[in-house]
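The values are calculated or read from the model by the stated rules, or taken from the named source; none is laboratory data. Model, not experiment: these values are computed from the prediction. Don't worry about glycine lacking a Cβ; one is built from the backbone with ideal geometry, like all the others, and counts go over all protein chains shown.
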Amino acid sequence: MKLLNILNKDGIIAALKAKDKKSVLEELASSVSKTAGIETKEIVKVLLEREGLGSTGIGGGIAIPHGKLNSIDSIFVGFGLSRKGIDFDSLDNKPVHIFFLLITSENSTGIHLKVLARISKFLKQENFKKSLTKANSREEILKIIQAIDKDF
């Protein structure tokens, strides 16, 4: 599955305004809620529940907040970029700059894990991460993701 098939341009935030963990989840959820047709509060609730199990800040300036909802039957991905970095209780205790948000249906464990793995594989590429952190627009971010999405 190509990431661009599930990442809508409207779900990309090239310059997050959030300054803390809850705010970044709200901002990302808001951008995805429009295309998913779900209340922002519903997405935030499931994300916060997941964060309660352990931070999705995986280190290296990256977080992949994710959750599952009964009210959807598709997969929705969002992206956010923070220039300053946000304290996200990351595993390495460093600020997070790159956020990929993933929301799937409750019964989609297999595809949920595949998408998480695909995003993680991309983020292991240093050039990809550097390019994302330098991007200035949604269009630029889409092009960067498109370039790596076809290589995998």
If you check every pair at least six apart or on different chains, which have Cβ atoms under 8 Å apart with a residue in segment 110-125 that is in contact (Cβ under 8 Å) with a residue 40 or more places away in the chain first and a residue that is of a type in the set (Phe, Trp, Tyr) second? Arg118/Phe152; Ile119/Phe100; Phe122/Phe128; Phe122/Phe152; Leu123/Phe100
Residue under evaluation Ala63, criteria (1) within 13 Å of the chain's Cα centre (by Cα); (2) more than 14 Å from His112 (Cβ to Cβ); (3) in contact (Cβ under 8 Å) with a residue 40 or more places away in the chain, criterion not met: (3)
Any residue at all in segment 112-125 that is buried (at least 18 other Cβ atoms within 10 Å of the Cβ), at pLDDT 95 or above and of a type outside the set (Ser, Thr, Tyr)? no
When you check Ile58 against the structure, is it surrounded by 13 or more Cβ atoms within 10 Å (Cβ to Cβ) and closer than 18 Å to Ile144 by Cα, yes or no? no
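Can we say Ser90 is surrounded by fewer than 16 Cβ atoms within 10 Å (Cβ to Cβ), more than 14 Å from the chain's Cα centre (by Cα) and in contact (Cβ under 8 Å) with a residue 24 or more places away in the chain? Please lay out each step first, then the result.
Details: surrounded by fewer than 16 Cβ atoms within 10 Å (Cβ to Cβ): no; more than 14 Å from the chain's Cα centre (by Cα): yes; in contact (Cβ under 8 Å) with a residue 24 or more places away in the chain: yes.
No; evaluated as a whole, the condition is false for this residue.
Name the one entry in Ser55, Ser31 that is in a loop (DSSP other than H, G, I, E, B) and touching a residue at least 12 places away in the same chain (Cβ under 8 Å).
Working: Ser31 fails: in a loop (DSSP other than H, G, I, E, B).
Going through Ser55, Ser31 in turn, the sole match is Ser55.
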Please specify each residue of segment 69-92 satisfying the condition of being small (Gly, Ala, Ser) and assigned to a strand (DSSP E or B). Gly78, Gly80, Ser82, Gly85
Can we say Ile103 is closer than 18 Å to Leu7 by Cβ, in a helix (DSSP H, G or I) and in contact with a Phe, Trp or Tyr (Cβ under 7 Å, 6 or more places away or on another chain)? no
